[in-house]
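This report concerns only the one structure given below.
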Amino acid sequence: MQLTFEDFASALSLDYECVFFVDNETSCYSMRVYRGEHQELKLVNSNNFWDDVKVNVEAVVYPEDKQSFADHINHESLLKAIQDGNVFEFKYRLVIAGEPVWFQIKAVFARSHGHEFLVIGVNNVDKRERERIELEKKASKGEVFGRIVMALAERYDALYMVDLVTNHYALYKSERLFCELCIAFEGDDFFNQLQKDALSVIYKEDIPLIVAALKRESLLRELDEHAMFSLTYRLNSPAGPQYVNLVAVYADKNHVVISVTNVDAQVRREQKIREEANLAFEKSRRDDLTGIKNKNAYGEFETKLNRQIQSKEPVEFAVAICDVNGLKTVNDTQGHKVGDIYIKKASKLVCETFKHSPVFRVGGDEFVVILLGSDYENREKLEQDFVKKVNDGTGKNKVSLACGISVFDPAHDKNVSVVFERADALMYKNKESMKGGRDEIIDAVV
């Protein structure tokens, strides 16, 4: 039994909006158009289907699909695709009312009254295709996301994927440390489970930090504001507290990826470097002989005071300059070893007098004190005490120093140097007045 055009049309019109019957030999064709449930099929006849296709592809096919359409919808390609009873399918977009709309072509061979025909059905599949594309995007995103997570897992000790909709979480990888802590590899309430685990697996001093930072609302707020959240803390382990670093980022609007990396060796190495750097820095600011602050430290302190002066901050201080008398004589007659002892005695006397102020050794025989607080308020009495200690020293405690003290005057002094110069002048004046008694002290020391 051979089917007529009407047989084909009646059957295909249920599934297709239009059907083309193309004579395989002559390329003449007929088109049956079905315009809705109550419309009749309309017959359109033309001489060359393939020529019309070439014209229409430029006029109505969506620009991005034109080349693909031309490659697939031509006589040679269709014949090759549907040989041996195969069905050819192809999706493309037409421009309708300025917008791309998805259509699908299905083509098969048919015979009627001794003629071979290509039967080509066309249907609007826009809604279905858009739904399919959206699902593929989601599936692709999930697949890509999964690959990303697995790739990242190679770089981290533990990697969690947290579903923000359900709070379900999965641990993609866990190194020995996390296995020893018996952390669950999967669960249905990540944030509550984390709060519970914190009490047993987080080092006790870091528990408040973790509990506060990794509450759901706190974490999401940080991610919304900064796109990434990072925190270093300590986990308990059989070997003792271990530093780990946690980093959280959005994978998409419904998922958060949280990586945890054991950074214990790195953190402890950095701590050691900082400690050594601090020691080196502190040493650079300390006088090797006396142990008090040196000229570098004085320069820093002077800079700090100058900033306060320039910014008009209320500040009260005085500068005391104490200069060791006769150091050269001691070094020349007794040697530098005895001279060093003499300097240490002088340093001790200055520090014991001005107990509440920073003392600096700024030269071989020169000390500077910045009188602050109670020392500043009692500066006159302290200066008297200092002179008395110098004069009353006996035996091994004998040491001779000249001293000058000058007070900062905010109405006239623009910087510390001005105050220093006045104190220095007063110190030299005091040194001149001490010549006789100073020589006696030096003789006693020598």
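The values are calculated or read from the model by the stated rules, or taken from the named source; none is laboratory data. Model, not experiment: these values are computed from the prediction. Because the Cβ atoms are built from the backbone with ideal geometry, glycine has one as well, and the counts that use them run over all protein chains shown.
I want to confirm something. Restricting to the range 25-80 and keeping residues that are among the polar types (S, T, N, Q) and assigned to a helix (DSSP H, G or I), which single residue is modelled with the lowest pLDDT?
We begin by selecting, within the range 25-80, every residue among the polar types (S, T, N, Q); these are 26-27, 30, 39, 45-48, 56, 67-68, 74, 77.
Filter once more, so that each one left must be assigned to a helix (DSSP H, G or I): 56, 67-68, 77.
Values: Asn56: 83, Gln67: 92, Ser68: 91, Ser77: 87.
Within the range 25-80, the match that is modelled with the lowest pLDDT is Asn56.
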Any residue at all in the range 385-396 that's assigned by TED's automatic domain parsing to the domain that holds Val338, touching an Asp or Glu at 6+ places or on another chain (Cβ under 9 Å) and of a type in the set (Phe, Trp, Tyr)? no
Report yes if Val247 is free of Cβ contacts under 8 Å to residues at least 24 places away in the same chain, of a type in the set (A, V, I, L, M) and outside any helix (DSSP H, G or I), otherwise no. yes
Name the residue, out of Asp365, Asp375, Asp413, Asp385, that is acidic (Asp, Glu) and closer than 14 Å to Asn325 by Cα. Asp365
Got at least one residue in the range 136-151 being of a type outside the set (A, V, I, L, M), touching a strand residue (DSSP E or B) at 6+ places or on another chain (Cβ under 6 Å) and at pLDDT 65 or above? no
All positions within the range 346-358 that are within 14 Å of Val324 (Cα to Cα) and touching a helix residue (DSSP H, G or I) at 6+ places or on another chain (Cβ under 7 Å): Leu349
For Arg269, state whether it is closer than 30 Å to Asp157 by Cβ and either among the basic types (Lys, Arg) or in a helix (DSSP H, G or I) (or both). yes
All but one of (1) farther than 30 Å from Phe420 by Cα; (2) in the same structural domain as Glu383 (by TED's automatic domain parsing); (3) of a type outside the set (Lys, Arg) hold for Leu246; state the number of the condition that does not hold. (2)
Let me confirm something: among Lys328, Lys337, Lys312, Lys304, which residue is of a type in the set (D, E, K, R), within 22 Å of Asn391 (Cα to Cα) and modelled with pLDDT under 95? Lys328
Quick check on the range 275-282. Is at least one of its residues loosely packed, with under 15 Cβ neighbours inside 10 Å and within 21 Å of Lys344 (Cα to Cα)? yes
Would you please list the contacts, defined by Cβ atoms under 6 Å and residues six or more apart or on different chains, that run from a residue in the range 48-60 that is under 20 Å from Phe117 (Cβ atoms) and not assigned by TED's automatic domain parsing to the domain that holds Arg93 to a residue that is at pLDDT 85 or above and surrounded by 15 or more Cβ atoms within 10 Å (Cβ to Cβ)? none
Of (1) surrounded by fewer than 16 Cβ atoms within 10 Å (Cβ to Cβ); (2) touching a residue at least 60 places away in the same chain (Cβ under 8 Å); (3) not charged (D, E, K, R), Gly291 satisfies every one except (2)
Which one of these is more than 17 Å from Thr26 (Cβ to Cβ), at pLDDT below 85 and among the β-branched types (Val, Ile, Thr): Val119, Val87? Val87
Among the residues of the range 295-316, count how many are surrounded by 19 or more Cβ atoms within 10 Å (Cβ to Cβ) and either hydroxyl-bearing (Ser, Thr, Tyr) or assigned to a loop (DSSP other than H, G, I, E, B) (or both). 1
With the structure loaded, tell me whether Ile292 is touching an Asp or Glu at 6+ places or on another chain (Cβ under 9 Å) and closer than 30 Å to Ile343 by Cα or whether it fails that test. no
Selection count, the range 355-373, where residues are touching a Ser or Thr at 6+ places or on another chain (Cβ under 9 Å) and part of a strand (DSSP E or B): 6
Considering each of Lys431, Lys344, Lys355, Lys388 in turn, give the residue that is more than 23 Å from Glu302 (Cα to Cα) and without any contact (Cβ under 8 Å) to a residue 24 or more places away in the chain. Lys388
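Answer yes or no: is there a residue in the range 328-340 that is among the aliphatic types (A, V, I, L, M), over 12 Å from Pro410 (Cα atoms) and surrounded by fewer than 15 Cβ atoms within 10 Å (Cβ to Cβ).
Looking through the range 328-340, at least one residue is among the aliphatic types (A, V, I, L, M), over 12 Å from Pro410 (Cα atoms) and surrounded by fewer than 15 Cβ atoms within 10 Å (Cβ to Cβ).
Sort through Val319, Val350 and tell me the only one that's part of a helix (DSSP H, G or I), among the aliphatic types (A, V, I, L, M) and surrounded by 13 or more Cβ atoms within 10 Å (Cβ to Cβ).
Val350
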